[in-house]
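Every read-out reported here was derived from the displayed coordinates using simple, explicitly stated rules and does not represent laboratory data. Fair warning: this is a prediction, and the values are worked out from it, not measured in the lab.
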């Protein structure tokens, strides 16, 4: 299992927990598993086309990743919404 970490408003949607142990071979599979466990997350990270939304940043073990990025048991996947303002 990999650990998926969600921050900011995504944490609230994911049951108030920052860390979730999930199974999946790619980042997108992990995000879909997160949606299954916490339906309130659906549509906030992955769009209707099955792509990670533009304003969401994903890092696997500290390195920038994408939906097709492979993950292994023990990997840490950080899901961070972009911060905007001015």
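Below is a table of values for the structure above.
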| item | result |
| --- | --- |
| Share antiparallel - DSSP beta bridges, the chain, percent rounded to 5 | 80 |
| Mean ellipticity per residue at 222 nm, deg cm²/dmol - from DSSP H runs of n ≥ 4 across the chain, formula -39500 (n - 2.57) | -5000 deg cm²/dmol |
